[in-house]
Amino acid sequence: MAWPDDAVEVGRVIDAWGVKGWIKVQPYSADPQALFSSRRWFLQPPDSPNPRAAAAGLRWPLLLCITQARDHGDVIVAAAREVPDRTAAEALKGARVHVPRSSFPTADPDEYYWVDLIGLEVVNRQGERLGTVADLMDTGAHAILRVVDEAGGKPAERLIPFVGAYVDEVDQGARRITVDWGLDY
């Protein structure tokens, strides 16, 4: 199967789990529904070489057909047809897990996946451009948009709480977020 055009990295294989070839995945989200909603996980090699992967002769990227997946504390444990035993699972340690964006569960109205917000232009109520969403941060209470403006030579960074008091509208079609935020904040 071909690598999906809408692949999103959602976690990392951190270890083998058990003796029957299950893998342990650290999700990047506190709510890992994207991992549960997709039965096709695409793996890319780890950032640091895994000698067991080289010994197993793995060819990247890999497609795993997930047969079972469930919460296990702060991680997800999963079984895949292509991973028959613990040795094969250990060879995947460090692999980066991607799923197609199209397989994500539908978000509720006024809820957004962070991946859909990154890259959107941010303007204030006066129509002044504040920059582009470069990243989001989770403070526990709410998310914060990290908005970077590269205009004017020196990049400027703004941190805008992603809450109704400051965010007026998210228009994904226009790729724009309108906020109640001044240029001098």
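Here is a check on your reading of the model: is ALA107 among the hydrophobic types (A, V, I, L, M, F, W, C) and touching a Phe, Trp or Tyr at 6+ places or on another chain (Cβ under 8 Å)?
Working: among the hydrophobic types (A, V, I, L, M, F, W, C): yes; touching a Phe, Trp or Tyr at 6+ places or on another chain (Cβ under 8 Å): yes.
Spelling it out, ALA107 is indeed among the hydrophobic types (A, V, I, L, M, F, W, C) and touching a Phe, Trp or Tyr at 6+ places or on another chain (Cβ under 8 Å).
Would you list the helices (runs of 4 or more DSSP H) that sit entirely within segment 1-92 and hold 2 or more residues that are among the polar types (S, T, N, Q) and under 24 Å from ASP138 (Cβ atoms)?
Counting at least 2 such residues, we get 33-37.
Condition (residue is more than 30 Å from PRO45 (Cα to Cα) and touching a Gly at 6+ places or on another chain (Cβ under 7 Å)) applied to segment 96-117: is it met by at least one residue?
No, because not a single residue in segment 96-117 is more than 30 Å from PRO45 (Cα to Cα) and touching a Gly at 6+ places or on another chain (Cβ under 7 Å).
Could you pull out the residue among ALA141, ALA107 that is of a type in the set (Gly, Ala, Ser), under 30 Å from PRO61 (Cα atoms) and surrounded by fewer than 18 Cβ atoms within 10 Å (Cβ to Cβ)?
Step by step, each of ALA141, ALA107 is checked, and only ALA107 is of a type in the set (Gly, Ala, Ser), under 30 Å from PRO61 (Cα atoms) and surrounded by fewer than 18 Cβ atoms within 10 Å (Cβ to Cβ).
Given the residues VAL122, VAL99, VAL133, which is the only one that is in contact with a strand residue (DSSP E or B) (Cβ under 9 Å, 6 or more places away or on another chain) and closer than 30 Å to ALA56 by Cα?
Being in contact with a strand residue (DSSP E or B) (Cβ under 9 Å, 6 or more places away or on another chain) and closer than 30 Å to ALA56 by Cα holds for just one of VAL122, VAL99, VAL133, which is VAL99.
Count, please, the residues in segment 96-109 that happen to be out of contact with any helix residue (DSSP H, G or I) (no Cβ under 6 Å at 6 or more places or on another chain) and touching a residue at least 24 places away in the same chain (Cβ under 8 Å). Steps first, answer last, please.
Applying the first criterion (out of contact with any helix residue (DSSP H, G or I) (no Cβ under 6 Å at 6 or more places or on another chain)) to segment 96-109 yields 96-98, 100-102, 106-109.
Filter again for touching a residue at least 24 places away in the same chain (Cβ under 8 Å), leaving 96-98, 100-102.
Number satisfying all stated conditions: 6.
Across segment 1-28, what is the number of residues that are exposed (fewer than 14 other Cβ atoms within 10 Å of the Cβ) and in contact (Cβ under 8 Å) with a residue 12 or more places away in the chain?
In the first step, residues of segment 1-28 are kept if they are exposed (fewer than 14 other Cβ atoms within 10 Å of the Cβ); the result is 1-3, 5-6, 9, 18-20.
Next cut, in contact (Cβ under 8 Å) with a residue 12 or more places away in the chain only: 1, 3, 6, 9, 18-20.
Number of matching residues: 7.
Taking only pairs six or more apart or across chains, which ones have beta-carbon atoms under 7 Å, a first residue in segment 149-173 that is in the same structural domain as ASN124 (by TED's automatic domain parsing), and a second residue that is at pLDDT 95 or above and of a type in the set (Asp, Glu)?
These pairs meet every condition: TYR166/ASP180; ASP168/ASP180.
Restricting to segment 110-133, name every residue that is farther than 22 Å from PRO32 by Cβ and surrounded by fewer than 16 Cβ atoms within 10 Å (Cβ to Cβ).
Listed by number, the residues that qualify are GLY119, ARG125, GLN126, GLY127, GLU128, ARG129.
Given the options LEU58, LEU62, name the one that is modelled with pLDDT under 90, farther than 30 Å from VAL148 by Cβ and crowded, with 17+ Cβ neighbours inside 10 Å.
LEU58
Give me the residue from segment 79-95 that is free of Cβ contacts under 8 Å to residues at least 60 places away in the same chain and surrounded by 18 or more Cβ atoms within 10 Å (Cβ to Cβ) and, out of that set, farthest from LEU43 (Cα to Cα).
ALA79
The values are calculated or read from the model by the stated rules, or taken from the named source; none is laboratory data. Everything quoted here is computed from the prediction, not taken from an experiment. Neighbour counts are summed over all protein chains in view; Cβ atoms, including those assigned to glycine, are modelled from backbone coordinates with ideal geometry.
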